Amino acid sequence: MDVTPILDSLNDVQRQAVTAPSEPALIIAGAGSGKTRVLVHRAAWLIEVEDVAPQGLLAVTFTNKAAAEMRNRIEALLKLPVQHLWIGTFHGLAHRMLRRHWREAGLPQNFQIIDSDDQLRLIKRLLKSLEVDDSRWIPKEIQWFINGQKDEGLRPKHIDDEGDPNRRQQISLYQSYEDICQRGGLVDFAELLLRTHETLRDNAELLKHYRRRFQHLLVDEFQDTNAIQYAWLRLLAGDKGVPFVVGDDDQSIYRWRGARVEHIHRFQKDFPGTRVIKLEQNYRSTETILNAANAVIANNNSRMGKNLWTEGAAGEAIKVYSAYNERDEADFIIGRLNDWIAQGNMRADSAILYRSNAQSRVLEEGLINARIPYRVYGGLRFFERAEIKDALAYLRLTSNRDDDSSFERVVNKPTRGIGARTVEMMRAYARANACSMWCAAGAIARDDLNGRAANAVNAFMSLIERMARETNSLELHDKVDHVIHVSTLIEFFKKDKGEKGETRIENLAELVSAAKSFEPDPAEEMSPLDEFLSHAALEAGEGQADAWEDCVQLMTMHSAKGLEFPLVFMCGMEDGLFPHQRSVADPNGLEEERRLCYVGITRAMQSLYITHAEQRRLHGMDNFSQPSRFISEIPDEYIEEVRPRVQVARPMRSSSPTQRRTPIGGAGSELGIRLGQRVHHKKFGDGVILNCEGQGAHARVEVNFEAAGTKWLVLSYANLDLM
Ligand code: ATP
Ligand code: MG
C-alpha cells in the first residue's frame, strides 16, 4: 500500500499526529499550522492504513462549506469516493440522526427545522396569545434565554428559578414554547443538538449502535464547542471511542454563543491519557503577517501560550490606510482590488473582512459601481429572503399542515381576505384545543365565521390540499415551480413595480433551479421535498447562490474562521467598532475581540491591508473614532502607512467618469460644484469636495480640507471658491 500521498506533505509533528495510535488525542496549535490538514490526513490514514471503514468515522467541521471541502480533500487523497463517511457540522449531523430516529426522538416523521427568524416570530405570537406584555418580556431576550438554556442542555424542568419571579416567567415561557414546537413538529437549531443528545442518552440500543459504529470522532475548531456539543461528543465516545480533536485556544470567538474554550482542559480530564500534540510551524502567512498576529495576541492574559514560527519569507509590510470616511475606505479597497485583478490574480483569492454585518452595504455599493463581482457570506442570504421563505412556507404546508409558523406566514399572502381578526380567532381556538392552526382554521370556518370569511379560509385550505395533490407525483423542481405559480406569489410580486418586484421574481425562479440542482441523498429515508426543505433551513446560514463565479469574498471576521486568502482587507478598524463598543469595558470581552482580530490577521497569506475611517456613518449615525487599539499593538516595523492619493475624493456613487462630472443639483449646480472639485475656503484653506447632500438652501457639501480635515458646510453660507 502506498501511503506516500498521505504522509509526504506533512512535517514530522503533523505526521506523528496523523499516525498516532487509536487513543484520544488533542492537537492544540496556532493559526495556519495545519490542524485542518492533519484532520483530513488522519481520516485518510485511518481508512487506508488502519482499515477503518468510512462509516466508522464521524468528522465534525464548523461550517457546511468546510465539510464539503474536507470530503473533497479526503477523496482526493484516497482517490475514491467516501459516501458513507459522515462529515458535517454539529447541527447537520444531529439533524441526520433525528431524521433517522424520529420515532425514538419523539418527533413526527416530517418535522421541520425553523431558523432563528421563524423562532422569533413564534415567540412573538406566543407572547401575544398568552397576553404577556412584550415590552417587558422582550421576544428577542426570551429567544436568547431559550437558546442559551438549550445550549447548556437544560429543559425547563431542569432550571432553578432561584426564587426570582422574572426567571420563573422566563422558564414558563420556555415551557409554552416547547409545547408549541412539539405540537407543530418544529425543531429549532439548538433543539437539534439537545434532542439528539437526549435521544442517544435515553436509548441504550441506539447509543450502543452509534458507539460501535463511530469509533473515531474527528473534530475541527474544537475550541468553539458549546456545552451540549461537548456532551454529545462525550456521550458518543463513551469509554471506547477515540476522539481526535484539533483547536486553538487563541481562536475561540463564540463565547457569546455558549462556546467554552475550557473544554480543552476538560477533554484531558474526561479522556485520561490523552495524547497532546502541539504544532508550531505556520505554513500560511508571511513572517511579517505572522509576527504581527503573534504580537497582537500576546496582549491577552488567558492563553495556553504557543510559539508560532514560519520558514516563509518576510514578505511585504502590512498596509494601514486611514480613510476620511466609510466611502473613502471602500474606494481605497476597490482601487487595490482593481490593481490586484489587473495583475492577473483571481478575485476569489481576496477577502474583505469586517466586524459588523452592516458594514457590507457601503462596500457592496462600491463593488457594484466598479462592476466587481462579489459574494457576501452571512448577510441576507438567498434562503432567508422574504419571497423565498414565502415559497418555502407553501411547500412546507404541503408536507405538513400542522406547521403553524408556515401557516401564519402565508395564510393571507397573497392577500385573500383573511383578516387579522380571523387569524386571532384561529389562534384562540388552537390554544384552547391544543391543536394546530390548520385544524383550528377548519373548525372555525365550519362553526364560527360568517359566509365571506369562511369562504376565504376554506379557499386557502383547499388551495393547499390541491397543491399537495397536484404536486404529489411531480419531481422536486416541478413541485417548486407548480407551488410558486399556483400560490399566485409570482403575480403578487409582479404588482410590486420596479426592480424590487423583479428581483423577487428572479429569486423565485432561482429557487426552482436550486431544487433542480439539489441532489437528494439516496440513503435518507425522508422525501426529497422534506430533505430539500431541511437543506434550505440549514444552508441559509452560508454562502450565496452562484458559488462558482470568481468573485471577491465579503464576510465578517467570525465567518472567516478556518479560511485563508492571499489578499485580505480588514476594514473598519476603529475603537468602538472593533473592538466592539460592548466589549471595551469588559476585560473578557476585550480578550475575545482580540482573538477575533488574531483570526482576521491570520487569514492573510501574502498581503494584508488594514483600514479605518475618521468618520463613519453606520446604522444611520455619524461616528468619529480613533483607530483601533489593535493597530497600535502591531509593532511599527511591520507596518507601512499608505498616504491618501490626491484624487482620493473620487466618489463612490458615480460609476462613470461622465457621471462623476455632473454638477450636483440645487445651489451647487448653479455654482458648477461637482464631486472631486477642488475648492478654497477663507478660513479652512484648500480642499476637495467629497460628498453633497440636499437641494437649494439646504444643499450641503462635505469638503476634505488639506489642513483642517473633513467638514460639512452649508453651500449657501460657505462662500467656496472654485479652483
Ligand atoms: P486555522 O487555525 O486557521 O484553522 P489550520 O491550523 O487549520 O488553520 P490549515 O488550514 O490546515 O491550518 O493549513 C494552513 C495552510 O498551510 C494550508 O494552506 C495548508 O495547505 C498549508 N500546510 C499545512 N501543513 C503544511 C505542510 N506540512 N506543508 C505545506 N503546507 C502545509
Ligand atoms: Mg483549520
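Of the residues that make up the range 24-31, is at least one within 16 Å of ligand 1 (Cβ to nearest atom) and touching a Leu at 6+ places or on another chain (Cβ under 6 Å)?
Within the range 24-31, one or more residues are within 16 Å of ligand 1 (Cβ to nearest atom) and touching a Leu at 6+ places or on another chain (Cβ under 6 Å).
Would you mind telling me which numbered condition in (1) away from ligand 1 (no atom under 16 Å from the Cβ); (2) in the same structural domain as Phe267 (by TED's automatic domain parsing) Asn72 fails?
Going through the list (1) away from ligand 1 (no atom under 16 Å from the Cβ); (2) in the same structural domain as Phe267 (by TED's automatic domain parsing), Asn72 breaks only (1).
Restricting to helices (runs of 4 or more DSSP H) lying wholly in the range 435-490: which have 2 or more residues that are under 23 Å from Ser513 (Cα atoms) and over 33 Å from the mean Cα position of the chain (by Cα)?
Hits in the range 435-490: 451-471.
Does Thr398 count as crowded, with 19+ Cβ neighbours inside 10 Å, out of contact with any Pro (no Cβ under 8 Å at 6 or more places or on another chain) and of a type in the set (Ser, Thr, Tyr)? Outline the logic, then answer.
Details: crowded, with 19+ Cβ neighbours inside 10 Å: yes; out of contact with any Pro (no Cβ under 8 Å at 6 or more places or on another chain): yes; of a type in the set (Ser, Thr, Tyr): yes.
Criteria met by Thr398.
Criterion first (among the charged types (D, E, K, R), surrounded by fewer than 18 Cβ atoms within 10 Å (Cβ to Cβ) and in contact (Cβ under 8 Å) with a residue 40 or more places away in the chain) does Glu152 satisfy it?
yes
Take the conditions out of contact with any Ser or Thr (no Cβ under 8 Å at 6 or more places or on another chain), away from ligand 1 (no atom under 16 Å from the Cβ) and not charged (D, E, K, R) and apply them to Gln182. Does it pass?
Details: out of contact with any Ser or Thr (no Cβ under 8 Å at 6 or more places or on another chain): yes; away from ligand 1 (no atom under 16 Å from the Cβ): yes; not charged (D, E, K, R): yes.
When the stated conditions are applied, Gln182 passes them.
Rundown of residues vs (1) touching a Leu at 6+ places or on another chain (Cβ under 7 Å); (2) away from ligand 1 (no atom under 16 Å from the Cβ); (3) at positive phi, yes/no style:
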site: Ala44; (1), (2), (3): yes, no, no
site: Ala76; (1), (2), (3): no, no, no
site: Leu80; (1), (2), (3): no, yes, no
site: Asp115; (1), (2), (3): no, yes, no
site: Lys124; (1), (2), (3): no, yes, no
site: Phe145; (1), (2), (3): no, yes, no
site: Glu152; (1), (2), (3): no, yes, no
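I'd like to verify a number: residues in the range 604-624 that are crowded, with 23+ Cβ neighbours inside 10 Å and outside any strand (DSSP E or B), how many?
0
From the residues in the range 597-616 that are charged (D, E, K, R) and touching a helix residue (DSSP H, G or I) at 6+ places or on another chain (Cβ under 6 Å), which one is farthest from Leu563 (Cα to Cα)?
Arg616
For the range 576-603, name all the residues that are part of a loop (DSSP other than H, G, I, E, B) and either surrounded by fewer than 18 Cβ atoms within 10 Å (Cβ to Cβ) or within 13 Å of ligand 1 (Cβ to nearest atom) (or both).
Ala585, Asp586, Thr602, Arg603
Out of the residues in the range 1-25 that are within 23 Å of Ala68 (Cα to Cα) and touching a Phe, Trp or Tyr at 6+ places or on another chain (Cβ under 6 Å), which is nearest to ligand 2 (Cβ to nearest atom)?
Val18
Quickly run through the range 8-39 and pick out the residues that are under 13 Å from Asn282 (Cβ atoms) and without any contact (Cβ under 8 Å) to a residue 40 or more places away in the chain.
Answer for the range 8-39, where residues must be under 13 Å from Asn282 (Cβ atoms) and without any contact (Cβ under 8 Å) to a residue 40 or more places away in the chain: just Arg37.
Name, by its number, the condition in (1) at pLDDT below 95; (2) on the phi < 0 side of the Ramachandran plot; (3) under 28 Å from the mean Cα position of the chain (by Cα) that does not hold for Leu173.
Failing condition for Leu173: (1).
Filter the range 202-243 down to residues that are within 16 Å of ligand 1 (Cβ to nearest atom) and among the aliphatic types (A, V, I, L, M) and give me whichever is nearest to Leu154 (Cα to Cα).
Looking at the filtered set, the residue picked out is Val219.
Only one of (1) of a type in the set (Lys, Arg); (2) away from ligand 1 (no atom under 16 Å from the Cβ); (3) touching a His at 6+ places or on another chain (Cβ under 9 Å) fails for Arg100. Which number is that?
Among (1) of a type in the set (Lys, Arg); (2) away from ligand 1 (no atom under 16 Å from the Cβ); (3) touching a His at 6+ places or on another chain (Cβ under 9 Å), Arg100 violates only (3).
If a residue has to be among the β-branched types (Val, Ile, Thr) and not in a helix (DSSP H, G or I) to count, how many in the range 320-369 make the cut?
2
Out of the range 550-569, which residues are within 15 Å of ligand 1 (Cβ to nearest atom), aliphatic (A, V, I, L, M) and part of a strand (DSSP E or B)?
Correct list: Met555, Leu567, Val568.
Go through the residues of the range 386-393 one by one and say whether even a single one is in contact with a Phe, Trp or Tyr (Cβ under 8 Å, 6 or more places away or on another chain), under 29 Å from Leu590 (Cα atoms) and not polar (S, T, N, Q).
Looking through the range 386-393, none of the residues is in contact with a Phe, Trp or Tyr (Cβ under 8 Å, 6 or more places away or on another chain), under 29 Å from Leu590 (Cα atoms) and not polar (S, T, N, Q).
Using the structure shown, decide if Leu508 is of a type in the set (A, V, I, L, M) and more than 15 Å from Arg396 (Cα to Cα).
On the way: of a type in the set (A, V, I, L, M): yes; more than 15 Å from Arg396 (Cα to Cα): yes.
Yes, satisfied.
Which one is nearest to ligand 1 (Cβ to nearest atom), of the residues in the range 270-319 that are under 18 Å from Ile253 (Cα atoms), of a type outside the set (A, V, I, L, M, F, W, C) and outside any helix (DSSP H, G or I)?
Result: Lys306.
Of all residues in the range 26-42, how many are of a type in the set (D, E, K, R) and within 9 Å of ligand 2 (Cβ to nearest atom)? Can you show your working first?
To start, the set of residues in the range 26-42 that are of a type in the set (D, E, K, R) comprises 35, 37, 42.
When the remaining residues are screened for being within 9 Å of ligand 2 (Cβ to nearest atom), the result is 35, 37.
Qualifying residue count for the region: 2.
Please specify each residue of the range 517-550 satisfying the condition of being modelled with pLDDT of 80 or more, charged (D, E, K, R) and closer than 26 Å to Arg469 by Cα. Show your work before the answer.
Step one: filter the range 517-550 for residues modelled with pLDDT of 80 or more, giving 527-534, 550.
The next check asks that each one be charged (D, E, K, R); those that pass are 530-531, 550.
If the condition is that a residue be modelled with pLDDT of 80 or more, charged (D, E, K, R) and closer than 26 Å to Arg469 by Cα, then Asp530, Glu531 are the ones that fit.
If a residue has to be in contact (Cβ under 8 Å) with a residue 40 or more places away in the chain and under 25 Å from the mean Cα position of the chain (by Cα) to count, how many in the range 40-63 make the cut?
Number of matching residues: 6.
Consider only pairs whose beta carbons are under 9 Å apart and that are at least six residues apart or on different chains; among these, list those whose first residue lies in the range 213-241 and is at positive phi and whose second residue is modelled with pLDDT under 95 and assigned to a helix (DSSP H, G or I).
Glu221/Ala66; Glu221/Gln251
I'd like the full set of residues that are in contact (Cβ under 8 Å) with a residue 12 or more places away in the chain and outside any helix (DSSP H, G or I), limited to the range 155-181.
Arg155, Ile159
The values are calculated or read from the model by the stated rules, or taken from the named source; none is laboratory data. Bear in mind that the values here come from a model prediction, so they are computed numbers and not experimental data. Cβ: placed from backbone, ideal geometry, glycine included. Neighbour counts: every protein chain shown.
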